[in-house]
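J.: Input: one structure, supplied below.
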Amino acid sequence: MKSRKYAVCLGVSALALMVPTLPALADATSDGIAHYRELLAEGNPAELWEMRGEELWREARGPKKATLEQCDLGQGAGVVKGAFVTLPRYFADTKRVQDLESRLLTCMETLQGIPAAEVAATPFGKGEQENIEALVAWISAESRGMQFNVPTSHPEEKRMYEVGKRAFHFRGGPHDFGCVTCHGDDGKRIRLQDLPNLTQPADAARGFGAWPAYRVSSGELWSMQRRLNDCFRQQRFPYPLYGSDVTIALSTYLGVTANGAGESIAPAIKR
Amino acid sequence: MAGPMRIRAASNGTETEVKVLMSHEMETGQRKDPSGALIPAHHITELTATHNGRVVLSGQFGPAVSKNPYLQFRFKGGAKGDKVTVSWVDNKGDKRSDEVVVS
């Protein structure tokens, strides 16, 4: 219900404005938001992407007319269950740490002959990116309820964690923002959105472990790369390249911080 | 053409609960594209649910229903193994029908 949904949002954010002077109301507001989210989660349209993703995995596509069933997401060729909660990780064949999306690019190129650079240059929600969105929805759903267990045993994994940590704390741009400005303290909120303290394990698990997610506001399924892109925008930084090392480093930092601290609920539903 | 619906139907012995996720733009006809042109309305107009061929729900949908709508309802009766079918028609004449076995 487009118009009504909008009215609800306006109503709740009007309350949120009053929060600083009325602490008792803050709880009621958060409870109200939590209830609203519960109602949404009942019928999470991300399931529509999951269904499509599962089909795509098994569909012979691309110049090589091959499926993705031999794709190695880190648990062995074709193993999907549990892969999501152990990414990013180091892959010996590409000699680099990869997150789910950059790994999918590798599999699409090597198995199906779909050029990775072309997919990376495609805008979100269009063409092959739309397919990636369906694939990440299904692949993440296959690890629903599992604890994060992102590896740090390989030297490259350790390095990417350290790079990610630095990138997270790096401040710059017109507002001197870093990820840490918005995600480095407990109990912060921008309008309706709780801002997780991503430097802390439980919040990192909750925040990192929710994406990919269906966004009610746009009716789209957003991958982690797209989530990060939007945070770069909020930070007034230029968009990073799709699947670039800085995005993978950030995910490594967030994933490792989340290790053992909570279950993956991806693909979640967000406003 | 619209993608398949996700339907779940579960019986508790006396009632069957049905949950349906539909894949549809549900464009209101009120919005404009970046160039200022009106985006034509495109939404489901009628929805029908049947249990073993008998209509248990029939509804009219319009532009006030969200994109990728979710519908949940219950009907009396229904047993494990029965068939529940959900069908819709939209204002452009597109149709979709999907079936599920009651669990």
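The values are calculated or read from the model by the stated rules, or taken from the named source; none is laboratory data. Predicted, not measured: the structure shown is a model, and the values here were computed from it. FYI the Cβ positions are ideal-geometry reconstructions off the backbone, even for glycines, and counts take in every protein chain you see. Accessible surface areas use protein heavy atoms only, side chains included; no ligands, DNA or RNA. Shrake-Rupley method; radii C 1.70, N 1.55, O 1.52, S 1.80 Å.
J.: What list of ³J(HN,Hα) couplings, whole Hz, do you get for region A:77-87 from phi and the Karplus terms 6.51, -1.76, 1.60, once you set θ to phi - 60° and write x for glycine and proline?
T.: 4, x, 7, 9, 4, x, 5, 4, 7, 10, 10
J.: While we're on this one: Quick one: the Cα spread of region B:6-101 along its three principal axes, in angstroms, biggest first?
T.: 54, 20, 17
J.: Any idea of the accessible area per residue across chain B, 1.4 Å probe, to the nearest Å²?
T.: 54 Å²
J.: To continue, here is another question. Along region A:209-216, what does the Karplus equation 6.51 cos²θ - 1.76 cosθ + 1.60 (θ = phi - 60°) give for ³J(HN,Hα), rounded to whole Hz, x for Gly and Pro?
T.: Karplus-based 3J(HN,Hα) across region A:209-216 equals x, 9, 10, x, 8, 7, 9, 4 Hz.
J.: Region A:112-188: which trypsin sites (Lys or Arg not before Pro) are DSSP loop and have at most 10 other beta-carbon atoms within 10 angstrom?
T.: Of the trypsin sites (Lys or Arg not before Pro), the ones in loops of region A:112-188 whose Cβ has at most 10 other Cβ atoms within 10 Å are A:K126.
J.: Okay, helix-only estimate at 222 nm for the protein assembly as shown: each DSSP H run of n ≥ 4 adds -39500 (n - 2.57), divide by all residues, round to 500 deg cm²/dmol; what do you get?
T.: -11000 deg cm²/dmol
J.: Give the distance, in whole Å, between the Cα centre of region B:73-91 and the Cα centre of region A:77-116.
T.: 40 Å
J.: Check A:T67: other-chain or 5+ apart residues with amide H under 5 Å from its amide H, H built from backbone geometry?
T.: Placed amide hydrogens put A:R61 under 5 Å from A:T67.
J.: Amide H to amide H under 5 Å from B:V56: which residues, 5+ apart in sequence or cross-chain, H placed 1.01 Å off N in plane?
T.: Here the answer is B:A49, B:T50, B:H51, since their amide H atoms fall under 5 Å of that of B:V56.
J.: Net charge within 10 Å of A:F124 by Cβ-Cβ distance, Lys/Arg positive one each and Asp/Glu negative one each, not counting A:F124 itself?
T.: So the surrounding residues net to -2.
J.: Identify all lysines with a Cα-Cα distance to A:K188 below 27 Å; exclude those on the same chain that are fewer than 8 residues away in sequence.
T.: Leaving aside lysines fewer than 8 places away in the same chain, those within reach of A:K188 are A:K5, A:K165, A:K270.
J.: Rg and Dmax of region A:38-175, Cα atoms, in Å?
T.: Cα only, region A:38-175: 16.3, 48 Å (Rg, Dmax).
J.: Might you tell me the accessible area per residue for chain A, computed with a 1.4 Å probe and given in Å²?
T.: Each residue of chain A exposes 47 Å² on average to a 1.4 Å probe.
J.: Moving to a separate point now. Please average, across the residues of B:59-68, the number of beta carbons from any other chain that are within 10 Å of each residue's own beta carbon, and give a whole number.
T.: For peptide B:59-68, the averaged partner shielding equals 4.
J.: Then there is this: Using amide H atoms built 1.01 Å from N in the peptide plane, name the residues 5+ places from A:L195, or on other chains, whose amide H lies under 5 Å from its own.
T.: Hits under the 5 Å cutoff: A:K188, A:R189, A:I190.
J.: Please compute how much accessible surface disappears when B pairs with A, both sides summed, using a 1.4 Å probe, and round it to the nearest 100 Å².
T.: 1300 Å²
J.: For chain B: lysine pairs with Cα atoms under 23 Å, gap of 8 or more or different chains, count?
T.: 10
J.: Considering only DSSP beta bridges with both partners in the protein assembly as shown, what is the antiparallel share in %, to the nearest 5?
T.: Bridges in the protein assembly as shown are about 95 percent antiparallel.
J.: Quick one: check the C-alpha center-to-center distance for region A:140-216 versus region B:18-64, whole angstrom.
T.: Computed from Cα coordinates, the inter-centre distance equals 37 Å.
J.: While we're on this one: With only alpha-carbon atoms counted, please give the Rg and Dmax of region A:24-270, in Å.
T.: 17.6, 61
J.: Another question about this same structure. Return the sequence-ordered ³J(HN,Hα) values of region A:179-192 in whole Hz as given by the Karplus equation 6.51 cos²θ - 1.76 cosθ + 1.60 applied to θ = phi - 60°, using x for Gly and Pro.
T.: 3, 4, 4, 9, 10, x, 10, 7, x, 8, 8, 10, 6, 7
J.: With all protein chains present, how much of the accessible area of region B:6-101 (probe radius 1.4 Å) comes from carbon and sulfur, to the nearest whole percent?
T.: Carbon plus sulfur share of accessible area: 48 percent.
J.: Please give me the summed charge of the neighbours of A:M146: other residues whose Cβ is under 12 Å from its Cβ, Lys and Arg +1, Asp and Glu -1.
T.: That sum, taken over residues with Cβ under 12 Å, equals 0.
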